[in-house]
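In what follows, a single structure is set out as structure tokens and then discussed.
The values are calculated or read from the model by the stated rules, or taken from the named source; none is laboratory data. Since this is a predicted model, take the numbers as computed values, not measurements. Reconstructed Cβ throughout: ideal geometry from the backbone, glycine too, with neighbour counts over all protein chains shown.
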Amino acid sequence: MKYSNILVATIIFTTIGTFSNLSSESRLQGNVSYLLQKLFPPKETLQFIYNDFDNHNQLLNIPNPYTITKISKSFRGISPSYNTYIIFTTNEASFNTTLMKVQDTPLWDRSNTPRGKFIVITSKHIDTNYLTDTFYKYDIINFSLIRKIQNTTPHFVKDYIADFNRLENTYELCYTSKPKMKEQEIKMIIPNPVNISTTQLIELKALYILALENLNMIGNLFKMKASYLFTDDIKTLLYNNSNDIYIYLSMTRPEKLFSDYDVSNYFYRDFMIWAVPLPDKMSTFKTIATTLDVKVWLVIIILLMVKSILWWLFSKLFKTEMQFFDLLTYILTSLLVTLGGSYNSLPNLRSLKVLLLFYLAYSMQISTIFQGKLYSGLKNPKMEHGITNMKELADSPLPMIGSVQTKNTLTEHSSNNPIFSKVLKKLIVRRPLDLTTSLKNIARFRNCSTILGKAALLYVFPKFKPMVNLIEHDTGSLELEVSFAVRKGHHLLTVLNKYCRRLYEGGIYKKLFSDATALYGNDEIQDEGEASAFGMYDLHELFILWAMGMLLAAVIFVLELYFRYSPKPKTT
């Protein structure tokens, strides 16, 4: 974790450095063109805004691409937004009026308030405290003030010369905002009512701690600490303009979230999968039946019947084997030979001897192959088909457990799909979703299925991975998309966006998540260590087969009694 903190700190300093870099040229003097060239690189596009200030002659020599907008005129269409806004104004009243009019124009996007650098150019005095309070009211903290130098009445010849030299240097950069935030604490609103320090939901605990630790790292640079809370009235807290920054930790990114708040880049992203029980081992009776292919069984049965019929016909024709008085005896004897049983007499006819000799060789080979495959199948039994896709899961009687976000996402994106409409009908919603209990039920009792993140299974529940089957394809538009949401226009969004993007691009979040879950990744089903024994589950097919044999024997016995003791018609 030590090295991860160093890497994250490097990212934070890089992010904050680009976000809150102080100008080292706070008293730079010159004309407007000269000052702007010192403040911005040549390729940055500038957006000039004015209401009652028409002197723009000094802008003609600026190498930057720029646009000039007079906000008192009507706008046609949607104007592009830029990262740098330069407001020409006269005094405090004019500045306030201009800024209010800017909010009513397409330049001020309601869904994403401009958070770039603001430059105020004024010809008269504007109090810096008033400027700071006004910008902070609109969540803008990166701004500068350029003011025109007021010439005094000269008394000597040298003053006239000095004033003449200042004609081309009439403005100065007199103020640049400092990188500070007015809030005192960062408060993270979590989506589930849990106590992070005591909860047994280790997957939520790991994720919430990870988010809280990263917010603490960001807050330390602004001398703020981070804490967490839960509330159902998220919007009221985020827009209450208190002395704290409220951030909502969202697990999904629905459209309503973007319409109500400003949403950061992904802090953590995971693909959602369904965990289902492992398929049952193939039963003993089914193992015997599937040891040989169906076609092989048919050939064996046909050869058995052909051999029995030939034997019976030859014996009956020559009357040499009177002990085989019916076809059933021949069939049972042939079956005994096929199964490898002993036979203590030989037929008298050479043809029957040849037939029996070849059939014995054939039976020995079949028996050897069958026994070898059967032993292998009983020692390492095959698995049943199991559940391998969403259609089979939706059609199965297995309950499906998910979260509120799962239901909302499926309802929004996949409710018209015939497969996911079945999923919605049988979905059991849990808030919060207890993955530990669900995975134990899947692994031990095989009585449910649950949705979870693939990385969460690998990092938080590694011992459960070989105990469950995973459905990873065509699971619907389901992803765990963890993001931070702040009130619209809040300046912290710039920091969060750059910070989250650097984490995602560098892959450091994987290391952080692994470290955060290291203490919780050893959960597994404890083995009771009891001696295993054959039970009814292993032998019930054999009991069924025995019962079928007894029933068949009883039917044959009744038929024999009927034919033996039934009155026979008298012959005359």
Residue list for region 240-266, restricted to those being assigned to a loop (DSSP other than H, G, I, E, B) and under 22 Å from residue 410 (Cβ atoms): 251, 252, 253, 254, 266
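Out of the residues in region 469-501 meeting the condition of being in contact with a Lys or Arg (Cβ under 8 Å, 6 or more places away or on another chain) and hydroxyl-bearing (Ser, Thr, Tyr), tell me which one is nearest to residue 443 (Cα to Cα). Can you show your working first?
Of the residues in region 469-501, the ones in contact with a Lys or Arg (Cβ under 8 Å, 6 or more places away or on another chain) are 470, 472, 479-483, 488-489, 491, 493-494.
Filter once more, keeping what is hydroxyl-bearing (Ser, Thr, Tyr): 483, 494.
Numbers: 483: 32, 494: 44 Å.
Looking at the filtered set, the residue picked out is 483.
Would you check if residue 433 is at pLDDT 75 or above and either in contact with a strand residue (DSSP E or B) (Cβ under 9 Å, 6 or more places away or on another chain) or of a type in the set (Asp, Glu) (or both)? So that I can check it myself, show each step before the final result.
On the way: at pLDDT 75 or above: yes; either in contact with a strand residue (DSSP E or B) (Cβ under 9 Å, 6 or more places away or on another chain) or of a type in the set (Asp, Glu) (or both): yes.
Yes.
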Counting only residues that are charged (D, E, K, R) and touching a helix residue (DSSP H, G or I) at 6+ places or on another chain (Cβ under 7 Å), which one in region 258-312 is nearest to residue 365 (Cα to Cα)? 307
Screening 190, 234 for residues that are buried (at least 19 other Cβ atoms within 10 Å of the Cβ) and modelled with pLDDT of 90 or more leaves only 190
Looking at region 248-286, which of its residues are in contact with a Leu (Cβ under 9 Å, 6 or more places away or on another chain) and small (Gly, Ala, Ser)? 250, 264, 275
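For the structure I just gave you, tell me whether residue 428 is closer than 27 Å to residue 230 by Cβ, surrounded by fewer than 16 Cβ atoms within 10 Å (Cβ to Cβ) and aliphatic (A, V, I, L, M). Working first, answer last.
Details: closer than 27 Å to residue 230 by Cβ: yes; surrounded by fewer than 16 Cβ atoms within 10 Å (Cβ to Cβ): yes; aliphatic (A, V, I, L, M): yes.
Yes: the conditions hold for residue 428.
Checking the condition over 23 Å from residue 251 (Cα atoms) and touching a Ser or Thr at 6+ places or on another chain (Cβ under 8 Å), which residue from 469, 447, 441 passes?
On the way: 447 fails: touching a Ser or Thr at 6+ places or on another chain (Cβ under 8 Å); 441 fails: touching a Ser or Thr at 6+ places or on another chain (Cβ under 8 Å).
After applying the criteria, what remains is 469.
Does residue 451 qualify as being among the β-branched types (Val, Ile, Thr), touching a Cys at 6+ places or on another chain (Cβ under 8 Å) and crowded, with 18+ Cβ neighbours inside 10 Å?
Numbers: among the β-branched types (Val, Ile, Thr): yes; touching a Cys at 6+ places or on another chain (Cβ under 8 Å): no; crowded, with 18+ Cβ neighbours inside 10 Å: yes.
No.
Being exposed (fewer than 14 other Cβ atoms within 10 Å of the Cβ) and either within 30 Å of residue 216 (Cβ to Cβ) or modelled with pLDDT under 75 (or both) is true for just one of 543, 513. Which residue is that?
Details: 513 fails: exposed (fewer than 14 other Cβ atoms within 10 Å of the Cβ).
Result of the check over 543, 513: 543.
So which of 256, 205, 225 ends up being of a type in the set (Lys, Arg) and surrounded by 20 or more Cβ atoms within 10 Å (Cβ to Cβ)?
Numbers: 256 fails: surrounded by 20 or more Cβ atoms within 10 Å (Cβ to Cβ); 225 fails: surrounded by 20 or more Cβ atoms within 10 Å (Cβ to Cβ).
When all the criteria are applied, what remains is 205.
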Filtering region 348-402 for residues that are closer than 30 Å to residue 418 by Cα and touching a residue at least 24 places away in the same chain (Cβ under 8 Å) leaves a count of 17
Might you let me know whether region 452-468 holds any residue that is in contact (Cβ under 8 Å) with a residue 12 or more places away in the chain, assigned to a loop (DSSP other than H, G, I, E, B) and in contact with a Lys or Arg (Cβ under 8 Å, 6 or more places away or on another chain)? no
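Please list, ordered by residue number, the helices (runs of 4 or more DSSP H) wholly in region 1-114 having 1 or more residues that are at pLDDT 60 or above and of a type in the set (Val, Ile, Thr). I'd like the intermediate steps shown before the answer.
Values: elements: 2-19, 32-39, 92-103.
Result: 32-39, 92-103.
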